[in-house]
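Notes follow once the structure below has been shown.
No value in this document is a laboratory result; all are computed from the given coordinates. What you see is a predicted model, and the numbers here were worked out from it, not measured in a lab. When we count neighbours, we look across all protein chains shown, and the Cβ atoms used for this are built from the backbone with ideal geometry, even at glycine.
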Amino acid sequence: MSQRLLFQTNEDGSVLLGGLDDFLVSLIRDLPQVGSPEPKSESRLFPSLTEGRQPEADADWAEFVRPDLEAHFQMNRDRVEEDCQKICPEGQRSFKLEIPQESAPAWIHAINQARLSLAAKYHFSDEQLEEGTGGEGPERLAMFQMQFYGMLQEWLLSVTETL
Amino acid sequence: MRNILHILILNEAPPSNGSVALPELDQSVELDQPWNVVVHNDPVNLMNYVVKVFVKIFEFSQAKAEKHMWEVHKKGRSIVWSGNRERGELYVQQLHAYLLLATLEQSV
């Protein structure tokens, strides 16, 4: 990362993320896809009601509650995808993204989905997550992604009143 | 399952010695224990996020939300609400919508 990131809250409540290079823009654009449920992350994104203590209740939960959750998660990812289309150049080598105030909760949720999905997909241990270390190759990139998304989420939480 | 409540209505004045004779409890009647909404530790969710979720869903004060968040973090779990099953399920659903690891457990 050679340039400084800019986090700014505007008077209208929107938030501006500036100083993004190509790589960070690609991570942001990947957010909705990274958070999409896949076999490795499904059990984390859609936990059971009783952890198997009441199989019938857990089956009902999967049948009746999960579809609502899926729709809710999809809605958040769609909102992020829509906002990502407004990423635009600023200067010669950097880009900026403006997140409208009303989109902030969707971003916070979509980031959460992506971070949880990455952790489940790469089986990061508590220690790895604590230290931010993630092995080599794709794992290392995934850990960097998690940290970058975490930083974004932390910042959005700090400027957002309600979820 | 439904809760069965024993309500004793004493229409008569207590005896002059001040003691009250209570009817014998029917041992065959099942008294349901309340259900607990339990939030489990998760190394991914940010602490600030968990606090905000507790405030949003349970309308906890900031201090109470932080107390539960730390309990989850340090002990691995925290009972954030107790009561009837239907409402407990609703809370678990809301917590799952915020991607917190939550389950419903009956008190023992």
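If R0 is taken as 22 Å, the Cβ-Cβ distance between A:M75 and A:V159 corresponds to a FRET efficiency of 0.50. Work out the FRET efficiency for A:D21 and A:S125 from their Cβ-Cβ distance, taking R0 = 30 Å, and round it to the nearest 0.05. So the FRET efficiency works out to roughly 0.50. In the range B:33-76, Rg over Rh equals 0.97, where Rg is the alpha-carbon radius of gyration and Rh the Kirkwood radius from pairwise Cα distances.
Size of the range A:93-163 from its Cα atoms: along the principal axes, largest to smallest, the extents are 36, 33, 18 Å.
Do the alpha carbons of any pairs in A:K121/B:K75; A:K96/B:K56; A:K121/B:K52 sit beyond 29 Å of each other, and which pairs? Check vs 29 Å cut-off fails for A:K96/B:K56.
Across the range A:71-163, the mean sequence separation of Cα contacts (distance under 8 Å, 6 or more residues apart), normalised by length, yields a relative contact order of 28 percent. In this entry, the range B:50-106 is assigned a mean projected area of 3.6 nm², taken as a quarter of its C-alpha convex hull surface. The per residue volume of the convex hull around the alpha-carbon atoms of the range A:1-44 is 114 Å³. A run of chain A free of exposed loop cleavage sites, with GluC sites (Glu not before Pro) counted only in DSSP states other than H, G, I, E and B and at most 12 other beta carbons within 10 Å, reaches its longest extent at A:12-135. 3J(HN,Hα) couplings calculated from phi for the range B:101-108 with the Karplus curve 6.51 cos²θ - 1.76 cosθ + 1.60 (θ = phi - 60°) are, in sequence order, 7, 9, 9, 10, 9, 7, 4, 10 Hz; Gly and Pro show x.
Cα gyration tensor of the range A:20-163, axes a ≥ b ≥ c as square roots of the eigenvalues: rounded (a/c below 1.5), prolate (a/b > b/c) or oblate? Oblate.
The alpha carbon radius of gyration of the protein assembly as shown, expressed as a multiple of 2.2 N^0.38 Å, is 1.28.
Projecting label points 7 angstrom from Cα along Cα→Cβ for A:D12 and A:A59 puts them 5.2 nm apart.
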